[in-house]
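Visitor: What follows is a structure written as structure tokens; I'll ask about it next.
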Amino acid sequence: MKTFGYGRVSTGQQTTENQRLELEQAGYLIETGFWFADDGISGKVSASQRPAFIKLKEQIRSGETLVVSKLDRLGRDAIDVLQTVKELGAKGVKVIVHQLGNTDLTSPAGKLLLMMLSAVAEMERDLLVERTQAGLARAKAEGKILGRPPKTNKIQRTEIISKLQIGVSVSAVAREYAVSRASIIGIRDNDQNNV
């Protein structure tokens, strides 16, 4: 039975070769034609949408093994990883993550390990969202203006309001100030809300 290897990197400047070497140095023999790599594919893309991973799943058979260097190579989040491992396990494929030792994630012990890691990852994401929201709330309370800085200054916004009030079209004003129509409409709407 063959051992398949899979690697993924987010940008074209990176290479999956380090992941392949890491697996080979750990003793996994991955023959030519059994290494699959998605280069320049963000981790946000689910495994089922990655071209090389799709080819790998088409070729791998029951009794064969898939080896990856790290857990995040298998999917974009805990749910995606669980789904990928479950799908491969149902096909009779062993899934080994070198970072986690020699445990087959499709075995009962591997499934338990995967569930615990998924729970921790989910908690970390929730905490990150919580910290981000707290930081935004603190910044607002301190009077900081959030978001992209305006393309126009206060004097220009006053001029824009005046021109709109005398009947100059939104498009004409947008061209004159080299901003989008949406920016002009936002300035107009903000002025009307402050009245």
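The values are calculated or read from the model by the stated rules, or taken from the named source; none is laboratory data. Everything numeric in this text was worked out from a predicted model, so none of it was measured. Neighbour counts are summed over all protein chains in view; Cβ atoms, including those assigned to glycine, are modelled from backbone coordinates with ideal geometry. The protein model used for the area step is the full one, side chains on, heavy atoms only, and it has no ligands, DNA or RNA in it. Shrake-Rupley method; radii C 1.70, N 1.55, O 1.52, S 1.80 Å.
Visitor: Can you run the Rg to Rh ratio on the range 1-60? Use alpha carbon positions and the Kirkwood inverse-distance Rh. Don't skip to the end; give the middle numbers.
Guide: Numbers: Rg = 11.5 Å, Rh = 11.9 Å.
Value, to two decimals: 0.96.
Visitor: Be a star and scan the range 2-44 for residues whose amide nitrogen sits under 15 Å from the point 7 Å along the Cα-to-Cβ vector of Ile54.
Guide: 37-39, 41-42
Visitor: Sequence gap at least 6, Cα distance under 8 Å: using those rules, report the relative contact order of the range 38-195 to the nearest whole percent.
Guide: Working: 131 pairs, mean separation 20.8, N = 158.
Rounded, it is 13 percent for the range 38-195.
Visitor: Right, next: If every alpha-carbon in the range 83-163 counts as one equal scatterer, what log10 I(q)/I(0) does Debye give at q = 0.11, 0.12, 0.20, 0.21 1/Å?
Guide: With no solvent term, the Cα-only Debye profile gives -0.58, -0.61, -0.93, -0.97.
Visitor: Follow-up. Could you state the accessible area per residue of the chain in Å², with a 1.4 Å probe and every protein chain left in place?
Guide: Heavy-atom accessible area per residue stands at 63 Å².
Visitor: What Kirkwood hydrodynamic radius do you get for the range 130-189 when you take the inverse of the mean 1/r over all pairs of distinct Cα atoms, in Å? Mind dumping the intermediate values first?
Guide: Details: mean 1/r = 0.0760 Å⁻¹.
Every distinct Cα pair counted, the radius reaches 13.2 Å.
Visitor: Report the calculated FRET efficiency for Ser42 and Gln99 (r = Cβ-Cβ distance, R0 = 22 Å), to the nearest 0.05. It would help to have the intermediate numbers written out before the result.
Guide: Numbers: r = 20 Å, r/R0 = 0.90.
With a Förster radius of 22 Å, E is 0.65.
Visitor: Now, a different point. What is the set of long-range amide H partners of Val93 at a cut-off below 5 Å, with H atoms built 1.01 Å from backbone N?
Guide: Gly63
Visitor: As an exercise, use a Förster radius of 30 Å and the Cβ-Cβ distance of Gln25 and Glu130 to find the FRET efficiency, rounded to the nearest 0.05. Could you put the intermediate results ahead of the total?
Guide: Numbers: r = 39 Å, r/R0 = 1.31.
Between Gln25 and Glu130 the formula returns 0.15.
Visitor: Any idea what the relative contact order of the range 139-195 is, in percent, if you count C-alpha pairs under 8 Å spaced at least 6 apart?
Guide: Working: 24 pairs, mean separation 15.2, N = 57.
RCO, the range 139-195: 27 percent.
Visitor: Here's something else I'd like to know. Starting from the Kirkwood Rh over alpha-carbon pairs, what translational D in µm² s⁻¹ does the range 12-171 have by Stokes-Einstein at 20 °C and 1.002 mPa s? Could the numbers behind the result be given before it?
Guide: On the way: Rh = 19.6 Å.
The diffusion coefficient I find is 109 µm²/s.
Visitor: Taking the mean number of other Cβ atoms within 10 Å as a proxy for protection, how do you rank 62-71, 111-120 from highest to lowest? Don't skip to the end; give the middle numbers.
Guide: Numbers: 62-71: 18.9, 111-120: 14.6.
Output ranking for 62-71, 111-120: 62-71, 111-120.
Visitor: In deg cm²/dmol and to the nearest 500, what is the mean residue ellipticity at 222 nm of the chain if only DSSP H runs of at least 4 residues count, each as -39500 (n - 2.57), divided by the residue total? All intermediate terms of the calculation are to be shown ahead of the outcome.
Guide: Working: 7 runs with 98 residues, N = 195.
Helices in the chain give a 222 nm mean residue ellipticity of -16000 deg cm²/dmol.
Visitor: For the pair Asp189 and Ala121, how long in nm is the line joining their label points, each one 7 Å along Cα→Cβ?
Guide: About 3.8 nm separates the two model spin labels.
Visitor: If packing is taken as the average count of other Cβ atoms within 10 Å, what order do 42-49, 126-133 fall into, highest mean first?
Guide: On the way: 42-49: 14.8, 126-133: 10.0.
Packing order, densest peptide first, comes out as 42-49, 126-133.
Visitor: Taking 0.36 nm per residue of separation and subtracting the Cα-Cα distance, what length does fully extending Leu112 through Ile161 add?
Guide: On the way: separation 49, 0.36 × 49 = 17.64 nm, distance 6.24 nm.
Full-extension gain reported as 11.4 nm.
Visitor: Computed FRET efficiency, Cβ-Cβ of Gln13 and Ala182, R0 41 Å: what is it to the nearest 0.05?
Guide: Numbers: r = 34 Å, r/R0 = 0.83.
In this case the efficiency is close to 0.75.
Visitor: For the chain, which DSSP H helices look membrane-span-like by this rule: Cα extent along the axis of 15 Å or more and mean Kyte-Doolittle of at least -1.0? Mind showing how you got there, number by number?
Guide: Values: long enough: 78-90 (18 Å, 0.66); 108-141 (50 Å, 0.31); 154-165 (17 Å, -0.58); 181-193 (18 Å, -0.95).
Helices passing the filter in the chain: 78-90, 108-141, 154-165, 181-193.
Visitor: For every other residue with a beta carbon closer than 9 angstrom to the beta carbon of Gln19, add +1 if it is Lys or Arg and -1 if Asp or Glu, then tell me the sum. If you can, show how the numbers build up before the last one.
Guide: Values: positive: Arg8, Arg20, Lys70, Arg73; negative: Glu17, Glu22.
The answer is +2.
Visitor: OK, next. Calculate how many DSSP beta bridges within the chain are antiparallel, expressed in % of all such bridges and rounded to the nearest 5. Each step should come with its number before you reach the end.
Guide: Working: 1 of 14 bridges.
Just about 5 percent of them are antiparallel.
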